[in-house]
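Read through the structure below, which is laid out as structure tokens, and then see the notes.
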Amino acid sequence: MIPSRVFTDALITALATASQQPVGHGRRPDGQPSRYYILHRVDRQTSGAPFSDLNEDATLVYQVTSVSGPDPEDPDSFGTQSQMEWMEDKAREVFLGRDPVTRRWLHDITAPGIKVMTRRPGAEPGGTPDATDGIMSSAIRFAFDLTST
């Protein structure tokens, strides 16, 4: 069986390393970051072998929320659309970007016992900007087809 937690941890590591931004697991990251990602799994489908077999396949769908907010040190600051769009683009690059020459993934996703067969964009639920508190956010979904190694 493919453990969701192990793959989720691998995605968080890949996104945090490539973007150099904090990533929270289903919630805002610790501390007071002014910009950050929230990653959580929204769906899991299994196929292939029965549940009792360790060699099944799974499709996991994750939502990545990019948050651009005010700087806690500056009461007059606010999140910006430009910053939020940079974060969205970076998340897309991390999970879907390929080298134009080799066609290899730009960023590896390494999870013990799991092989990523395919990566693809999912439905994009859209943005949730809130001008009253200076926070802008946008959600993107990604689907990963996995198999046990």
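The values are calculated or read from the model by the stated rules, or taken from the named source; none is laboratory data. Please read all numbers here as calculations on a predicted model, not as lab measurements. Positions of Cβ are generated from backbone atoms using ideal geometry, with glycine treated the same way; all protein chains shown enter the neighbour counts. Accessible surface is based on the protein model in full, side chains and every heavy atom, while ligands, DNA and RNA are left aside. Shrake-Rupley method; radii C 1.70, N 1.55, O 1.52, S 1.80 Å.
Has region 12-26 got any residue that is in a strand (DSSP E or B), touching a Gly at 6+ places or on another chain (Cβ under 6 Å) and on the phi < 0 side of the Ramachandran plot? No. The set of residues in region 2-11 that are open to solvent by less than 10 Å² (accessible area, probe 1.4 Å) and outside any helix (DSSP H, G or I) contains only I2. Within region 86-103, the set of residues being within 14 Å of R120 (Cα to Cα) and either without any contact (Cβ under 8 Å) to a residue 24 or more places away in the chain or out of contact with any Lys or Arg (no Cβ under 9 Å at 6 or more places or on another chain) (or both) comprises A91, R92, E93, V94, G97, R98. Restricting attention to region 18-48, the residues that are hydroxyl-bearing (S, T, Y) and under 25 Å from S148 (Cα atoms) add up to 2.
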